[in-house]
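Trainee: Sharing a structure below in C-alpha cells format, with a few things to ask.
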Amino acid sequence: MCVARPAFPRSILEFQERFVTDEECWQFLFDSRWPDGFACPVCRGGRFWRLKSRPDVLECAACKHQASVTAGTILHRTRTPLRLWFWAAYLMTTASVGVSAVSLQRQLGLSRYDTAWTMLHKLRRAMVNAERFKLSGEVEVDEFELGGLEPGRKGRPGPDSKAVTCVIAVEVRGPGSGRVRMKVIPDASSDTLIGFVKDNVEAGAIVHTDGWSSYMPLPGAGYDHRPRSQRAAKRDGDTKPVMPRAHRAISNLKAWRHGTHRWASREHTQAYLDEFVFRYNRRRTPLAAFQTLLGMSAAHVPVTRQQIIDTGPGPRPRRDQST
C-alpha cells in the first residue's frame, strides 16, 4: 500500500510544536489518507463537510456518505485523544528500547494502566506489512528460545518445555545486517522451518544455517543451502562465528525484552517480536518509522481490546512493571 508522507518533524521539539491539539493530528491523518484531496469512497466526489456533532466524521456533499480519517485503522472508534495516540506511536518508534505500558501511562498521564497496555498492543498489530518484500541475497536462519530456562537441559526444547520456540532470518549485508524476520513456531521440524523460509526468503537465495537436520531439505525447496555445524567448527578449531548476525539480533531482542518489558506471555510473544522487527528494520530512520506505523494502520483490520485480551492472559498488574 502506498501511503502519502506529509512533512514530518525532525526532532522531539518539532513534534511537540506540530501536534499540540487533536485537530492538528486529525489534519495529519487526513493529508496522509487523501494526499490529493478528499475523494468520497462511494461516488469519488471531492466536496465534503464535517459534522458538528462528530467533527471527526466527513460527509460527502454529493451522496451523503460519511467517512472518517480513523475508520478501518487501529484508531477506529477510539475514545482516547488523537494527540495521545500520536505521542504513544512516537515514543514507541523513536526510542531504541521502545516503551513499556507502565512508562507510557506515566509519560502520558493516563489514569488507567489498561489504557496504555491496549494502546501499545494495538500499535504492535499495525507493525506487520502484509505486502512486505521477502529477504534476498544471503540470509542467516536459526531457531532460538525465549524464556523458560531449564537448568541442566541440553539440546533443543522438548514438547513440555516452558520456553517459546522462535525462528529468525537475517539478511547478510557485508559485516552488518539487513532486514530481519522473526516468528513464534510450534516446533523445529522440517515442515515448520522450511515453511518459514519459503514465506520470508526469496527462492534462489543463499541460506546459511547450522547443522540441524530439519534444514537439510532446503536445496529441494529451491535454495542454495550452506550449513555449518557449530559442533564441527569447534572440533576443527574453526574460530569463525557461526551465523553472527542472527545471534546478534537474538541477543538484542532478549536484552530489549528483559530490559523494557521484564516479561511477556507466551500468547503475546509474536506481537513483541513484531515490534522488535519493526524497529530493527527501521533503526536508521526512527523518525520515519512513526509515519510508517500510522500509515500502515490503514491496511489493517481494526482490533478491539477484548480481541487482544482473548489471545492471551491480558494485562498484568502494574506492580509487575510489565506490558
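No value in this document is a laboratory result; all are computed from the given coordinates. Bear in mind that the values here come from a model prediction, so they are computed numbers and not experimental data. Backbone-built Cβ (ideal geometry, glycine too); neighbour counts: all protein chains shown.
Trainee: Just to be sure I understand: of the beta bridges DSSP finds with both ends in the chain, what percent are antiparallel, rounded to 5? Intermediate values should be presented prior to the final figure.
Mentor: Details: 21 of 29 bridges.
Antiparallel bridges: around 70 percent, rounded to the nearest 5.
Trainee: Same structure again: With springs only between Cα atoms under 10 Å apart, run a GNM on the chain and tell me which of Phe196, Phe276, Phe133 wobbles the most.
Mentor: Fluctuation is largest for Phe133.
Trainee: Additional query: Among Val139, Val69, Val20, Val57, rank each residue by its count of other Cβ atoms within 10 Å, from fewest to most, as a rough exposure measure. Let's see the in-between values first.
Mentor: Values: Val139 27, Val69 22, Val20 10, Val57 16.
Ordered by Cβ neighbours within 10 Å, fewest first: Val20, Val57, Val69, Val139.
Trainee: In the neighborhood of Arg245, defined by Cβ-to-Cβ distances under 12 Å, what is the net charge if each Lys or Arg adds +1 and each Asp or Glu adds -1? Display every interim value, and only then the final one.
Mentor: Working: positive: Arg173, Arg179, Arg248; negative: Glu138, Glu140, Asp142, Glu171.
So the environment of Arg245 carries a net charge of -1.
Trainee: Of the listed values (1) 1.02; (2) 1.07; (3) 0.98, identify the label whose number matches Rg/Rh (Cα atoms, Kirkwood Rh) calculated from this model.
Mentor: Only one listed value fits the structure, namely (1).
Trainee: Separate question: By counting other Cβ atoms within 10 Å of each Cβ, how are Ile74, Ile12, Ile250 ranked from fewest to most?
Mentor: On the way: Ile74 24, Ile12 12, Ile250 21.
With the sparsest Cβ surroundings first, the list reads Ile12, Ile250, Ile74.
Trainee: Enumerate lysine pairs in the chain that are 8 or more residues apart or on different chains, then count those whose Cα atoms are under 24 Å apart.
Mentor: Lysine pairs, 8 or more places apart or on different chains, close enough: 15.
Trainee: For Lys122, Lys52, Lys198, what ranking results if the residue with the fewest other Cβ atoms within 10 Å of its Cβ goes first? Before the final figure, lay out each step's value.
Mentor: Details: Lys122 26, Lys52 6, Lys198 15.
Arranged by neighbour count, lowest to highest, Lys122, Lys52, Lys198 become Lys52, Lys198, Lys122.
Trainee: When only C-alpha pairs under 8 Å and at least 6 residues apart count, what is the relative contact order of the chain, in percent?
Mentor: On the way: 456 pairs, mean separation 67.5, N = 323.
RCO, the chain: 21 percent.
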